[in-house]
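Trainee: Have a look at the structure that comes next, please.
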Amino acid sequence: MGKRLVTLCTCQWADMPFEELCALAAKMGYDGLEIACWGNGVDIDKAYTDASYVQFLLDTLKKHNLVCKAIAAHIIGQCVGDAPDVRLNNFAPAALANNPEGIRKWAIDTMKKAPVVAKKLGAEVVTCFTGSPIWKWVYSFPQTTAQMVEDGFDEIVRLWSPILDEFKKHGIKYALEVHPGEIAFDYYSTQKLLQKFKDRPEFGLNFDPSHLQWQGIKPHLFLADFIDRVHHVHMKDAAVTLDGRSGLLGSHIDFGDLRRGWNFRSLGHGDVNFEEIIRVLNAGNYQGPLSVEWEDSGMDRIDGATEACAFVKRVDFKPSDFSFDDAIANN
């Protein structure tokens, strides 16, 4: 197994023109992109029908010696499984504003096209969110019954199964990023969801340690237990800075504010133990990309993402191909 590709997740860079972003990513040292499906990233509808547009994307990547191993459809997927929420207006076409049924239909139709577009770009995975009809009940007051929770998981299975049929048909993996706001947001909710989708090997995970770290979950243990369903990996850091006043729920204070009890940090500036993660990936023979999702409100993004690329290349070591004491074994 050789060194894994280091890619840049463009979710936080979708404001930049695609050609400009490709040039910058190459300059920062990246091998490829995990391309967001919004902003100046991939337009799924256009890529689905317009061969010349797809060729432009491929030619631009090639010009800068980049590859695409995954596309990111998080905000579209969120609209599939969420309960009606005015905030989804920000994710869907403007013409669908305040039309929950229209937003969901658009999201389902678009997600069915996503594996086709991924395949055209040479990607093997679509990273995504599922949404959650029960996230607002995460704290069980007013009381949430076990049946309400079960119904929420079953609704996600119902909504996503026809979409996953398309992923299976085109040989593309779906990778859920376990994340607050999703049906699976921690260890046991992930375990429950994977059991629900036990007969769908195309359904798996986009492992992102940052969302686990601040919840008190040890990311490398989560990774070890679910490694057989990990289709993609995000490299992202977080620091917990509880000071006796702050709490893990964030106090409705925006990211970057130093009063918060935790914040995302540029790689190597937080609490995630990446060496343990690499050891688990090696043991599990994960050979996909390591995708930097750069988020740090306290640092310049170009400086930070450049440093992060070098950090990943430094921390990603190959497994040994022999036992260290073979040299003194009896012949």
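The values are calculated or read from the model by the stated rules, or taken from the named source; none is laboratory data. Quick caveat, the model's predicted, so the values are computed rather than measured. Backbone-built Cβ (ideal geometry, glycine too); neighbour counts: all protein chains shown. Note: areas computed on protein heavy atoms with side chains; ligands, DNA, RNA excluded. Shrake-Rupley method; radii C 1.70, N 1.55, O 1.52, S 1.80 Å.
Trainee: Within segment 108-117, identify whether any single residue is assigned to a loop (DSSP other than H, G, I, E, B), open to solvent by 50 Å² or more (accessible area, probe 1.4 Å) and more than 24 Å from GLY152 (Cα to Cα), and answer yes or no.
Mentor: Of all residues in segment 108-117, those assigned to a loop (DSSP other than H, G, I, E, B) come to none.
Taking every residue of segment 108-117 in turn, none turns out to be assigned to a loop (DSSP other than H, G, I, E, B), open to solvent by 50 Å² or more (accessible area, probe 1.4 Å) and more than 24 Å from GLY152 (Cα to Cα).
Trainee: Looking at segment 322-331, can you tell me whether even one residue there is under 29 Å from VAL126 (Cα atoms) and either at pLDDT 95 or above or not aromatic (Phe, Trp, Tyr) (or both)?
Mentor: So the first thing to find is which residues in segment 322-331 are under 29 Å from VAL126 (Cα atoms), and the list is none.
The answer is no; no qualifying residue exists.
Trainee: Go through segment 83-97 and give me each residue that's under 21 Å from GLU182 (Cα atoms) and exposed (fewer than 14 other Cβ atoms within 10 Å of the Cβ). If you could, list the steps in order and put the result at the bottom.
Mentor: In the first step, residues of segment 83-97 are kept if they are under 21 Å from GLU182 (Cα atoms); the result is 83-92.
Residues satisfying the conditions are PRO84, VAL86, ARG87, ASN90.
Trainee: Is there any pair with a first residue in segment 107-128 that is modelled with pLDDT of 95 or more and a second that is assigned to a helix (DSSP H, G or I) and among the basic types (Lys, Arg) whose Cβ atoms are under 8 Å apart and which are 6 or more apart or on different chains, and what are they?
Mentor: Close Cβ pairs (under 8 Å, with a partner that is assigned to a helix (DSSP H, G or I) and among the basic types (Lys, Arg)) amount to PRO115/LYS169.
Trainee: Now for a different question. Go through (1) open to solvent by 10 Å² or more (accessible area, probe 1.4 Å); (2) free of Cβ contacts under 8 Å to residues at least 60 places away in the same chain; (3) under 30 Å from MET28 (Cβ atoms); (4) not in a loop (DSSP other than H, G, I, E, B) one by one and return the number of the condition ILE71 breaks.
Mentor: Condition not satisfied by ILE71: (1).
Trainee: If GLY261 satisfies every condition in (1) over 19 Å from LEU21 (Cβ atoms); (2) at pLDDT 95 or above; (3) open to solvent by 50 Å² or more (accessible area, probe 1.4 Å) but one, which is the exception?
Mentor: GLY261 satisfies every listed condition except (3).
Trainee: In addition: If I ask for residues that are outside any helix (DSSP H, G or I) and free of Cβ contacts under 8 Å to residues at least 24 places away in the same chain, which ones from segment 1-60 would you list?
Mentor: Hits for segment 1-60 are PRO17, ASP43, ASP50.
Trainee: Within segment 151-172, which residues are within 21 Å of VAL117 (Cα to Cα) and open to solvent by 70 Å² or more (accessible area, probe 1.4 Å)?
Mentor: Going residue by residue through segment 151-172, those that are within 21 Å of VAL117 (Cα to Cα) are 159-172.
ASP165, LYS168, LYS169 - these are the residues of segment 151-172 that are within 21 Å of VAL117 (Cα to Cα) and open to solvent by 70 Å² or more (accessible area, probe 1.4 Å).
Trainee: Of all residues in segment 1-48 being among the hydroxyl-bearing types (Ser, Thr, Tyr) and within 20 Å of the chain's Cα centre (by Cα), which is nearest to ASN65 (Cα to Cα)?
Mentor: Taking segment 1-48 first, the residues among the hydroxyl-bearing types (Ser, Thr, Tyr) are 7, 10, 30, 48.
Next cut, within 20 Å of the chain's Cα centre (by Cα) only: 7, 10, 30.
Numbers: THR7: 12, THR10: 16, TYR30: 9 Å.
Among those that are among the hydroxyl-bearing types (Ser, Thr, Tyr) and within 20 Å of the chain's Cα centre (by Cα), it is TYR30.
Trainee: State the number of residues belonging to segment 220-256 that are of a type outside the set (Gly, Ala, Ser), crowded, with 18+ Cβ neighbours inside 10 Å and in a strand (DSSP E or B).
Mentor: Pass one, segment 220-256, residues of a type outside the set (Gly, Ala, Ser): 220-223, 225-237, 240-243, 245, 248-249, 252-255.
Of the ones still in play, those that are also crowded, with 18+ Cβ neighbours inside 10 Å are 220, 222-223, 226, 229-237.
Now drop any that are not in a strand (DSSP E or B), which leaves 230-235, 237.
Selection size over segment 220-256: 7.
Trainee: Further question on the same structure: Examine segment 143-150 for a residue that is of a type in the set (A, V, I, L, M) and buried (at least 18 other Cβ atoms within 10 Å of the Cβ), and state whether such a residue exists. Show your work before the answer.
Mentor: In the first step, residues of segment 143-150 are kept if they are of a type in the set (A, V, I, L, M); the result is 146, 148-149.
Still in the running and buried (at least 18 other Cβ atoms within 10 Å of the Cβ): none.
No, the conditions are met nowhere in segment 143-150.
Trainee: Against the definition (open to solvent by 70 Å² or more (accessible area, probe 1.4 Å), touching an Asp or Glu at 6+ places or on another chain (Cβ under 9 Å) and either within 17 Å of GLY181 (Cα to Cα) or free of Cβ contacts under 8 Å to residues at least 24 places away in the same chain (or both)), how does PRO133 come out, yes or no? Outline the logic, then answer.
Mentor: Details: open to solvent by 70 Å² or more (accessible area, probe 1.4 Å): no; touching an Asp or Glu at 6+ places or on another chain (Cβ under 9 Å): yes; either within 17 Å of GLY181 (Cα to Cα) or free of Cβ contacts under 8 Å to residues at least 24 places away in the same chain (or both): yes.
No.
Trainee: Kindly list, by first and then second residue, each pair from a residue in segment 198-216 that is within 19 Å of TRP160 (Cβ to Cβ) to a residue that is open to solvent by less than 10 Å² (accessible area, probe 1.4 Å) and among the acidic types (Asp, Glu), limited to pairs with Cβ atoms under 8 Å and residues at least 6 apart or on different chains.
Mentor: That search, which allows pairs on different chains as well, returns LEU205/GLU177; ASN206/GLU177.
Trainee: Checking the condition within 29 Å of ILE163 (Cα to Cα) and among the basic types (Lys, Arg), which residue from LYS69, LYS62 passes?
Mentor: On the way: LYS62 fails: within 29 Å of ILE163 (Cα to Cα).
Matching residue, one of LYS69, LYS62: LYS69.
Trainee: Determine which single condition ILE76 fails, assuming it passes every other condition in (1) open to solvent by 40 Å² or more (accessible area, probe 1.4 Å); (2) outside any loop (DSSP other than H, G, I, E, B); (3) within 30 Å of GLY32 (Cβ to Cβ).
Mentor: Every condition holds for ILE76 apart from (1).
Trainee: For segment 265-311, enumerate the residues that are farther than 24 Å from ILE71 by Cα and open to solvent by less than 20 Å² (accessible area, probe 1.4 Å).
Mentor: Listed by number, the list holds a single entry, VAL272.
Trainee: Within segment 114-143, can you find the residues that are under 21 Å from ILE71 (Cβ atoms), out of contact with any Ser or Thr (no Cβ under 9 Å at 6 or more places or on another chain) and not aliphatic (A, V, I, L, M)? Spell out the reasoning first.
Mentor: Within segment 114-143, the first condition is being under 21 Å from ILE71 (Cβ atoms), and the residues that meet it are 114-131.
Filter once more, so that each one left must be out of contact with any Ser or Thr (no Cβ under 9 Å at 6 or more places or on another chain): 114-126, 128-131.
PRO115, LYS119, LYS120, GLY122, GLU124, CYS128, PHE129, THR130, GLY131 - these are the residues of segment 114-143 that are under 21 Å from ILE71 (Cβ atoms), out of contact with any Ser or Thr (no Cβ under 9 Å at 6 or more places or on another chain) and not aliphatic (A, V, I, L, M).
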